[in-house]
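Since every read-out is calculated from the coordinates, none of them should be taken as a lab result. Predicted model only: the values in this text are computed from it and were never measured. We place every Cβ from the backbone using ideal geometry, glycine too, and count neighbours over all the protein chains shown.
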Amino acid sequence: MPVPQRKGKRPVAKSFGELLLELAREDPRICGVSCDCWGFLGPLHGEFPERAIEVGIAEQNLIGVAAGLAVRGKTPFALGMNP
């Protein structure tokens, strides 16, 4: 699938969230896992709340959850923030 091109400055979280939602609409295996980053998962959570997983500020847990989802056939997008 071609990645849509968007012009102009906009927050990364907004762009990522919208693109993740577009991908999730086309593939039911896609889910999002984040570390206290609802800005990224907001659009996905609005339409597919069962596919937006928030683990809190626990980056090690984030990777474990994403790995488990992948082993079970999901396509997780794991994201966190660092200073």
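Looking only at segment 42-73, count how many residues are among the small types (Gly, Ala, Ser) and either loosely packed, with under 11 Cβ neighbours inside 10 Å or assigned to a loop (DSSP other than H, G, I, E, B) (or both).
Initially, segment 42-73 is screened for residues among the small types (Gly, Ala, Ser), giving 42, 46, 52, 56, 58, 64, 66-68, 70, 73.
Keeping just the survivors that are either loosely packed, with under 11 Cβ neighbours inside 10 Å or assigned to a loop (DSSP other than H, G, I, E, B) (or both) gives 56, 58, 73.
Looking only at that region, the number is 3.
Which of the residues spanning segment 74-83 are in contact with a strand residue (DSSP E or B) (Cβ under 6 Å, 6 or more places away or on another chain) and part of a loop (DSSP other than H, G, I, E, B)?
Within segment 74-83, just LYS74 meets the criteria.
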